[in-house]
Amino acid sequence: MIRELWQKLVAPIDGPLMGFTGLLLLVALIAMASAAPGRMMTHLAHIVVALTVMRVVAQIPPQRLMSLAPALYVFGVLLLVAVALFGDVSKGARRWLNLGFIRIQPSELMKIAMPLMLAWYFQKHEAMLRLKDYAVATVILLIPVALIIRQPDLGTSILVFAAGFFVIFLAGLPWKVIIGLGAAAAAAAPFAWTMLHDYQRQRILMLLDPEKDPLGKGFHIIQSTIAIGSGGILGKGWGQGTQAQLEFIPERHTDFIFAVYAEELGLIGNLVLLVLYALLIGRGLQIAVKAANLFARLVAGAITLIFFTYAFVNVGMVSGILPVVGVPLPFVSYGGTALVTLMLGVGILMSIHKNRMLVQK
Amino acid sequence: MEFKNPQEHLEQFNRRVAVAGAIVLSCFVLLFGRLVWLQVIQHDYYQTRAEDNRISLVPITPIRGLIVDRQGEVLARNYSAYTLEITPSQVPDLETTIDGLAEFIDIQPKDRRRFKKLMEENKRFESLPIRTRLSDAEVAKFIARRFRFTGVDIKARLFREYPRGAFASHVTGYLGRVTERDLGRIEAQEAEANYRGTDHFGKSGLEQHYEFELHGITGFEKVEVDAAGRPVRTMARTAPVPGNNLTLTLDVKLQEIAEEAFGDRRGALVAIEPTTGGILALVSMPNYDPNLFVDGINVADWGELNNSPEKPMVNRALNGAYPPGSTFKPFMALAALELGKRRPEQAIFDPGYFNFGSHTFRDDKKGGHGTVDMYKSIVQSCNTYYYHLANDMGIDNIAAFMGSIGLGSRTGVDIEGESEGVLPSQAWKKKRFKKVEQQKWFAGETISVGIGQGYNAYTPIQLAQAIATVANDGVMFRPHLVKHITDTRTGKQTPIEPQPLKALGWKQANIDVIKRALVGVNIEGTGTRAFAGAGYVSAGKTGTSQVYSLKGAEYKRQGTKEELRDHSLYIAYAPADKPAIAVAVLVENGGFGSQAAAPIARQVFDYYLLGKLPKGAAPADEAAKEADE
């Protein structure tokens, strides 16, 4: 009886995917216990909620997700408009929508709604994909991204943009266009510079010379690179990082948790972490290749690459090769909303895998 | 791009996935390379730097800017004093340590209580003062015994001081220790770095509004510390930049005369230069001593200030909303002229009452004022005239005009937390009340509003702005206290330009009618007594605002309890032909406007226009009794 229930519970769950994610969540617990022991209980609660969400989503067939995609997208855009009009301002940015009983961050929803919507669109036009379709897809992509940039929230807008771009790329956007747009973007960069918020510019400038303002804007980057570098090959030992424990690392349980981990567990620990991410992404791409239809392929591919983007941008910024944009370390950083979104993505991957093509054509 | 078959499509997808996989892999290799660079190749360098973090960057708090009046008289400054400070995280047993210190330094129970409170509000590794303003002898005694006290040190710190005590305290406001809420403001300004090492933050008044101007730029010092965390050697130093000084439009002498004129009465006064909006005096009585807050206010003082029925912490000039009473009438009359609802010479007959439906609205003068035109209606403050007028105009016309001169909305003065007051209208009532049956506006309510009673409630600064706007022929300015901000390094002065908010476009002929009547008030009306023998021509309007509805019973001044007595109001400007000062005065429970508020305005004008100082106490006002409102 219990065995049957268990079977039923784990039926939609993909073993390898669950294994890699589980190990990453374990890494998170180890890092969190050192960085912010006071938050362990809340973090555990987040994990439980996120796993539940994953399990529920894993059961939803991709066709159902596809039929929901446009509604989800439109809903998300409406929420973003609502944020622009009535959102709560905190630390100078308007990101949250207060519904009275709960505060939500609609841009988070877009990370999932965006790939679903674009994949839905390409699936609809699968028979004949023309340049026009890519143009339409680009418009679908840019509307929410523009709304999120305006909040302003550079980190999230990069992730949402990346999520959409991956779909378009995987759907076969011609290389000529990609290279052309890349060149145009490079040419437009000076203009974009003038459009950035002052603090965003500061962050990019800081990357070039953090020592200029050691107490202010440069503080984050300087202290986190010191933490990583002083960790060495073997690390200073769990709970022994002077940078972490003496509070030199800012936001050490959220965006900068990698610095704590790297200081205490060293290059070996980092290698383990990067390999885990690589395995997770490998498995995701494998699921994408085996998926049943274009929609499923595109969604699986894009979600997997989003995991990559999170990891790359976060480790990149904490180790000082990318500007600080407020992207958490996936599956590890403290924060319920981000974790739930990520695990929802894992759930979708599992569902796609469950409903894959059983016979290769 | 077209695909002949799904197979081709699939192959293309697989190629794209392969490209993506390759990019992922190379990015991870790049990251790993960076980590190897940091953790293997540069490891020694970063190892040293992590060690060097024991070399700490000590912020040097800048000197806070001064607040001075228009002549340079200082209202807020700083002094340096030695404080005895404890870093709780470095002290094994706090009680024993404090007892030990108390053997040779005077530490009172209240100092201990304050220290406990500070500990709750701050992190344990912050250095917190147990005693401030140590004497030289106490400093010497501690230095001699320093070795016995780990985690205890003497620091030279700057403290804020308000040399004139309670004087003008509602203008300067006060500083207090940084709290959670202040941190939010600091973060919103992205000024966290600049506030490392700053313990104090403006909590009210100019100190609050101009916090980021007054603060200055924090310097820092790289110091090597020993194992106990004490500085051993300074390695590098960036000097702090002192905060900017504020020069006010305020005239300290005028402020002083105004505050003294109130005696121990409660109330507010706002004097404005009509052509600039510069505030010459801003009084709210009673006031409080801002020095009490500087070291962290003790519980007893705070309780006394907070629980006093006199409410000294409330800035009545900005936060007290009072019915304007008859001071509303000149604005009503101007509205009537502008809207074409009355001509100046158009007269009514006042029998002493106005019947509306089944209700009778009474005039204060029994038997009425007889034939009343606009001039007489203002000079003698005839209620019946305005009952008719309000009824003819309707509430929404009234609200639109009064709104245009700033009544019922914040003036934008450079002190935070200003109240809006209440500008009644149909829309306002709908919003104000929840129950549908209460939301409907009744025509009878318009009639009380017409004489400045009913739902009307405005702050003294709004009334001052409104009368200044009339004085300035309809050009309205934002009231402001700061004249210019001085960069203490370069001496460069940034003036706060007078901001004309809007020109209301009134007909000059209409303004002149009102101005003539306001002059009449002080020559042959309710303000005559207060302005008898003044060496200049002034214009004004008295008002009495009802605190308590007597429901038809006759008002007996002597018989009413003090807190139920009417508020006394007066708005005025002078000289009448070329206004240099406009003022709104409110005396809480002062009775008639002509008796309490107008004489205060007289003293203020006498000084400002003639340089005349008031003789002795405020003039006895019993004789003004016959003047009616």
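Considering region A:48-91, and only residues there that are over 17 Å from A:THR341 (Cα atoms) and of a type in the set (Ser, Thr, Tyr), the residue that is surrounded by the fewest Cβ atoms within 10 Å (Cβ to Cβ) turns out to be A:SER67. Within region B:195-216, the residues that satisfy the criterion of being among the hydrophobic types (A, V, I, L, M, F, W, C), in a helix (DSSP H, G or I) and surrounded by 20 or more Cβ atoms within 10 Å (Cβ to Cβ) are B:LEU206, B:LEU214. Any chance you could count how many residues in region A:133-143 are over 28 Å from A:VAL346 (Cβ atoms) and either within 14 Å of another protein chain (Cβ to nearest Cβ) or touching a residue at least 12 places away in the same chain (Cβ under 8 Å) (or both)? Result for region A:133-143: 4.
Within region B:520-549, the set of residues being of a type in the set (Val, Ile, Thr) and either in contact with a Phe, Trp or Tyr (Cβ under 6 Å, 6 or more places away or on another chain) or crowded, with 20+ Cβ neighbours inside 10 Å (or both) comprises B:VAL521, B:THR526, B:THR542, B:THR544. Residue count for region B:475-504, restricted to those that are in a loop (DSSP other than H, G, I, E, B) and either modelled with pLDDT of 90 or more or at negative phi (or both): 13.
Considered as a group, the residues in region B:17-34 that are small (Gly, Ala, Ser) and within 8 Å of chain A (Cβ to nearest Cβ) include one that is surrounded by the fewest Cβ atoms within 10 Å (Cβ to Cβ), and that residue is B:GLY21. Within region B:52-81, being more than 39 Å from the chain's Cα centre (by Cα) and at the interface with another protein chain (Cβ under 8 Å from one of its Cβ atoms) holds for one residue alone: B:ASN53. Counting only residues that are under 21 Å from A:MET317 (Cα atoms), of a type in the set (A, V, I, L, M) and at pLDDT below 90, region B:1-50 holds 1 of them. Scanning region B:45-77 for residues that are within 30 Å of A:PHE258 (Cβ to Cβ) and touching a helix residue (DSSP H, G or I) at 6+ places or on another chain (Cβ under 9 Å) returns B:TYR45, B:TYR46, B:GLN47, B:THR48, B:ARG49, B:ALA50, B:GLU51, B:ASP52, B:ASN53, B:ARG54, B:PRO59. Taken as a whole, the condition of being touching a Ser or Thr at 6+ places or on another chain (Cβ under 9 Å), in contact (Cβ under 8 Å) with a residue 40 or more places away in the chain and either in the same structural domain as B:ASN472 (by TED's automatic domain parsing) or not in a helix (DSSP H, G or I) (or both) does not apply to B:ALA258. If you filter region B:156-194 down to residues that are assigned to a helix (DSSP H, G or I) and within 19 Å of the chain's Cα centre (by Cα), you find that the one that is nearest to the other protein chains (Cβ to nearest Cβ) is B:ARG185. Would you check if B:GLY454 is on the phi > 0 side of the Ramachandran plot and modelled with pLDDT of 90 or more? Taking the combined requirement at face value, the residue does not satisfy it.
Close contacts from region A:260-289, counting a first residue that is facing another protein chain (nearest Cβ under 7 Å) and of a type outside the set (Gly, Ala, Ser) and a second that is surrounded by fewer than 17 Cβ atoms within 10 Å (Cβ to Cβ) and outside any helix (DSSP H, G or I), with Cβ to Cβ under 7 Å and a gap of 6+ residues or different chains, come to A:LEU267/A:ILE233. Checking each residue of region B:334-348 against the condition of being out of contact with any strand residue (DSSP E or B) (no Cβ under 9 Å at 6 or more places or on another chain), closer than 18 Å to B:ILE447 by Cα and among the charged types (D, E, K, R) gives at least one match.
Residues that are at pLDDT below 90 and within 14 Å of chain B (Cβ to nearest Cβ) within region A:108-132 comprise A:HIS125, A:GLU126, A:ALA127, A:MET128, A:LEU129, A:ARG130, A:LEU131, A:LYS132, listed in sequence order. Residues that are of a type outside the set (Ser, Thr, Tyr), within 23 Å of B:ASP93 (Cβ to Cβ) and in contact (Cβ under 8 Å) with a residue 60 or more places away in the chain within region B:127-174 comprise B:PRO129, B:GLY151, B:VAL152, B:ASP153, B:ILE154, B:LYS155, listed in sequence order.
Among all residues of region B:509-516, there is none that is over 30 Å from B:TRP441 (Cα atoms), in a strand (DSSP E or B) and modelled with pLDDT of 90 or more. Residues that are in contact with a helix residue (DSSP H, G or I) (Cβ under 7 Å, 6 or more places away or on another chain) and not in a helix (DSSP H, G or I) were ranked within region B:423-452; the one that is farthest from B:ALA400 (Cα to Cα) is B:PHE433. Considering region A:324-334, the residues that are within 14 Å of A:THR156 (Cα to Cα) and over 10 Å from the mean Cα position of the chain (by Cα) include one that is surrounded by the most Cβ atoms within 10 Å (Cβ to Cβ), namely A:VAL324.
The number of residues in region A:252-311 that are under 16 Å from the mean Cα position of the chain (by Cα) and either among the β-branched types (Val, Ile, Thr) or not in a helix (DSSP H, G or I) (or both) comes to 10. Within region B:80-103, residues that are farther than 11 Å from B:PRO129 by Cβ sit with their Cβ atoms under 8 Å from residues that are of a type in the set (A, V, I, L, M, F, W, C) and in a helix (DSSP H, G or I), at 6+ positions apart or across chains, in these pairs: B:PRO88/B:LEU94; B:PRO88/B:MET119; B:ILE98/B:PHE115; B:LEU101/B:PHE142.
Among the residues of region A:228-249, those that are more than 7 Å from chain B (Cβ to nearest Cβ) and either assigned to a helix (DSSP H, G or I) or surrounded by 17 or more Cβ atoms within 10 Å (Cβ to Cβ) (or both) comprise A:GLY235, A:LYS236, A:GLY241, A:ALA244, A:GLN245, A:ILE249.
The values are calculated or read from the model by the stated rules, or taken from the named source; none is laboratory data. Just so it is clear, the structure is predicted and the values come from calculations on it, not from any experiment. Glycine also receives a Cβ, built like all others from the backbone with ideal geometry; neighbour counts cover every protein chain displayed.
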